[in-house]
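The values are calculated or read from the model by the stated rules, or taken from the named source; none is laboratory data. Small disclaimer: the values here were computed from a predicted structure and weren't measured. Neighbour counts run over all protein chains shown; Cβ positions are idealised from the backbone, glycine included. In case anyone asks, the SASA skips ligands and DNA or RNA and just uses the protein heavy atoms, side chains included. Shrake-Rupley method; radii C 1.70, N 1.55, O 1.52, S 1.80 Å.
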Amino acid sequence: AVDSAVRTAVGTAASSEVDGAAHPASGPLRLLVLQPTPFCNLDCDYCYLPSRDDRSRLPLEILDAALERVLESPFVDGPFTLLWHAGEPLTVPPSFYDAATDRIQAALRRHGLPPDTVRQSLQTNGLTINEAWCDCFERNAIHVGVSLDGPAFLHDVHRRTRTGRPSHAAVMRGIAWLQRRGVPFNVIAVLTADGLDHADVLYDFFAEHGISEVGFNMEETEGENERSTLDRPDAEERYRRFLQRFWLRTMAEPGRVNLREFDGITSLACSDQRLSHTDMNRPFVIVNVDARGNLSSFDPELLAVHTERFGDFMFGHVLRDRLVDIAATSKFQQVQAEIAAGVEACRAGCAYFGLCGGGAGSNKYWEHGRFDASETQHCRYRIQLVADVVLEGMERELGLVA
């Protein structure tokens, strides 16, 4: 899901503001999500995105307009990440990213901003990575995230091509290219019920293949994926045991496999910071643009979905609407107010609020049908269970518990 790529692109939870920090009513921008194409060459059974057979491509003129809308806004106060996502970005050719980089740098020059204001990143299934793509990543300074669910017996159950063929071998060839060329990358692995009893297998797989930066994305009920394999009574306890074992393995070999979820909690615990919000529940910290130029904000997972209550979550179009103008529309204000109410509900009633800042609105909507809800299965998996295991593990390391 996109939120995992987002957390990787802009950092862990600690990148959000902490209690007591001053902040404007909106922004500052930290992430611009652009959809180069809705098309994907895989047909993963847990994917939330519709229209994965749509081969349309983001026109460069729309890219220019999206950059202008962002850079003319009052929400840019420093470097931000441009994440190519919400489809398979490598189904468009390297020449697209060469041209896009030229357009990005031209836009920055027009606005008198330094060339490192925009840092490019993409999330790929890795099937087509080869020498030419490594050249592209290097000359355009694109950070790479690869989706890989571990060894073949776990990965290929859910991540198959449109003709039903397994994809694991192709992904591993792509990763081998990245490693051979020294292109930095991280891996996001979706955890389904199939993987919950295989903590050692997953750890050993990543360690043995030299994959040191890993994030787990729990399979979610959202969008096109109407039911998660984790919707079962024993899943949370199995996940707790999974995390406990994975924690022990990471502690035994520091730095060999770094788990994003552990790092996010430990960074907050060690600094004694507490979050006041997350990037995904505050307007214009994230701006999302689809391949047709439609504009959205908040959680990128709202970009391509339709709901009964709100219709879609497109608040404007880059060719006609400024960000400050869409913020004044009734639809935007209704969504913003409901998301803010959900954050306050979490603040008032959840002991874990300082570790998540109120969570992602999209998960609240998929699970409760509203943004002004509080606890979700997603937050129990992503925050609560992880925090319990990490804090217990840290206490044991410090000798505070037997």
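Can you tell me which residue is farthest from the chain's Cα centre (by Cα) among those in the range 108-123 that are over 24 Å from residue 90 (Cβ atoms) and open to solvent by less than 20 Å² (accessible area, probe 1.4 Å)?
Residue satisfying both the conditions and the ranking: 108.
Could you say which residue among 127, 108 is closer than 24 Å to residue 65 by Cα and in contact with a helix residue (DSSP H, G or I) (Cβ under 6 Å, 6 or more places away or on another chain)? Walk me through how you get there before you give the answer.
On the way: 127 fails: closer than 24 Å to residue 65 by Cα.
None of the others qualify; the one that does is 108.
Here are some residues: 289, 285, 257. Which one is more than 25 Å from residue 76 (Cβ to Cβ) and of a type in the set (Val, Ile, Thr)? Give the derivation first.
Numbers: 289 fails: more than 25 Å from residue 76 (Cβ to Cβ); 285 fails: more than 25 Å from residue 76 (Cβ to Cβ).
The match here is 257.
Let me confirm something: among 234, 263, 279, 312, which residue is open to solvent by less than 40 Å² (accessible area, probe 1.4 Å) and among the acidic types (Asp, Glu)?
Working: 234 fails: open to solvent by less than 40 Å² (accessible area, probe 1.4 Å); 263 fails: open to solvent by less than 40 Å² (accessible area, probe 1.4 Å); 312 fails: open to solvent by less than 40 Å² (accessible area, probe 1.4 Å).
So the residue among 234, 263, 279, 312 that is open to solvent by less than 40 Å² (accessible area, probe 1.4 Å) and among the acidic types (Asp, Glu) is 279.
Got at least one residue in the range 147-163 being without any contact (Cβ under 8 Å) to a residue 40 or more places away in the chain, surrounded by fewer than 16 Cβ atoms within 10 Å (Cβ to Cβ) and closer than 16 Å to residue 40 by Cβ?
Yes, because at least one residue in the range 147-163 is without any contact (Cβ under 8 Å) to a residue 40 or more places away in the chain, surrounded by fewer than 16 Cβ atoms within 10 Å (Cβ to Cβ) and closer than 16 Å to residue 40 by Cβ.
Go through the residues of the range 220-230 one by one and say whether even a single one is among the charged types (D, E, K, R), modelled with pLDDT under 85, closer than 19 Å to residue 48 by Cβ and surrounded by 15 or more Cβ atoms within 10 Å (Cβ to Cβ).
Yes; the residues of the range 220-230 include at least one that is among the charged types (D, E, K, R), modelled with pLDDT under 85, closer than 19 Å to residue 48 by Cβ and surrounded by 15 or more Cβ atoms within 10 Å (Cβ to Cβ).
I need the full set of residues from the range 69-105 which are of a type in the set (Gly, Ala, Ser), assigned to a helix (DSSP H, G or I) and surrounded by fewer than 23 Cβ atoms within 10 Å (Cβ to Cβ), in order please. Show your work before the answer.
The initial filter retains those residues of the range 69-105 that are of a type in the set (Gly, Ala, Ser), namely 73, 78, 86-87, 95, 99-100.
Narrowing further to those that are assigned to a helix (DSSP H, G or I): 95, 99-100.
Passing the criteria: 95, 99.
Return the total of residues in the range 172-186 being touching a helix residue (DSSP H, G or I) at 6+ places or on another chain (Cβ under 7 Å) and either part of a loop (DSSP other than H, G, I, E, B) or not charged (D, E, K, R) (or both).
In the first step, residues of the range 172-186 are kept if they are touching a helix residue (DSSP H, G or I) at 6+ places or on another chain (Cβ under 7 Å); the result is 177-178, 181, 183, 185-186.
From what is left, the residues that are either part of a loop (DSSP other than H, G, I, E, B) or not charged (D, E, K, R) (or both) are 177-178, 183, 185-186.
Residues flagged as touching a helix residue (DSSP H, G or I) at 6+ places or on another chain (Cβ under 7 Å) and either part of a loop (DSSP other than H, G, I, E, B) or not charged (D, E, K, R) (or both) within the range 172-186 amount to 5.
Can you tell me how many residues within the range 360-402 are open to solvent by 30 Å² or more (accessible area, probe 1.4 Å), small (Gly, Ala, Ser) and at pLDDT 90 or above?
1
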